[in-house]
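Heads up, the thing below is written out as structure tokens.
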Amino acid sequence: MEFTPNLKKKYTDEIISNLTKEFGYKSVMQVPKLEKIIINQGVGKAVADKKMLDVAVKEVTDIAGQKAITTLSKKDISNFKLRKKMPIGVKVTLRRSKMYEFLERLVSVSIPRIRDFNGISDKFDGKGNYTLGIQEQIIFPEINIDQVNEIMGMNITFVTSARTDEEGYSLLKEFGLPFKNINKK
């Protein structure tokens, strides 16, 4: 028997029927779903210190549970002493079970550890996708605070199959993301 993450079970058991009632879908295939989660961390200081990139790769790998890869610059920018194809960040793309496991850890463990937290913004990209900016990587329990030399932020992008922002908002709200604006419609 294969392990199924709790949020995947919740999606099939509850979220599909809730969204069908809310938006009046005629088929289960019309219901939006979470396709992938991308964790991206820009390490601008890696231009001067290459070890920063190794630390970032290790931290993002620990957070995601999947090996992170380095991202390269696309063009030369002399003001930042940046050359084309220099490593300047790390990213990891999560799909299927690892995506649901990460989302569950994010919602139930990491977000409640944010200081002075009063909900996340509800600004979507116009196509039902959402990007959450995290200012400190130390909110994740996988990071040992004693070994952190520098506080770095990251972006977590939730890519959905929703066609509108309202559908994406409802989907992510059902998964448990604590948005500020409760009565959005």
## Note on the structure
In the set GLY128, GLY133, the lone residue that is in contact with a Gly (Cβ under 7 Å, 6 or more places away or on another chain), free of Cβ contacts under 8 Å to residues at least 24 places away in the same chain and not in a helix (DSSP H, G or I) is GLY133
### Message
Looking at segment 1-28, I want the residues that are of a type in the set (S, T, N, Q) and have a partner that is in a loop (DSSP other than H, G, I, E, B) with Cβ atoms under 7 Å, at least 6 apart or on another chain. Which pairs are those?
### Response
THR20/VAL31
### Query
Restricting attention to segment 145-164, and to residues there that are in contact (Cβ under 8 Å) with a residue 24 or more places away in the chain, surrounded by fewer than 19 Cβ atoms within 10 Å (Cβ to Cβ) and outside any loop (DSSP other than H, G, I, E, B), which single residue is farthest from the chain's Cα centre (by Cα)?
ASN155
### Task
Go through (1) assigned to a loop (DSSP other than H, G, I, E, B); (2) within 17 Å of the chain's Cα centre (by Cα); (3) not β-branched (Val, Ile, Thr) and name the single condition ASP62 misses.
(1)
### Message
So, GLU142, is that one surrounded by fewer than 17 Cβ atoms within 10 Å (Cβ to Cβ) and not basic (Lys, Arg) or not?
### Response
yes
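Could you tell me which residue of segment 131-185 is modelled with the highest pLDDT, considering only residues that are among the aromatic types (Phe, Trp, Tyr) and within 18 Å of SER108 (Cβ to Cβ)?
The first filter runs over segment 131-185 and keeps only residues among the aromatic types (Phe, Trp, Tyr), leaving 140, 158, 169, 175, 179.
Still in the running and within 18 Å of SER108 (Cβ to Cβ): 140, 158, 175, 179.
On the way: PHE140: 78, PHE158: 89, PHE175: 82, PHE179: 80.
Taking the candidates together, the pick is PHE158.
The values are calculated or read from the model by the stated rules, or taken from the named source; none is laboratory data. Please read all numbers here as calculations on a predicted model, not as lab measurements. Glycine also receives a Cβ, built like all others from the backbone with ideal geometry; neighbour counts cover every protein chain displayed.
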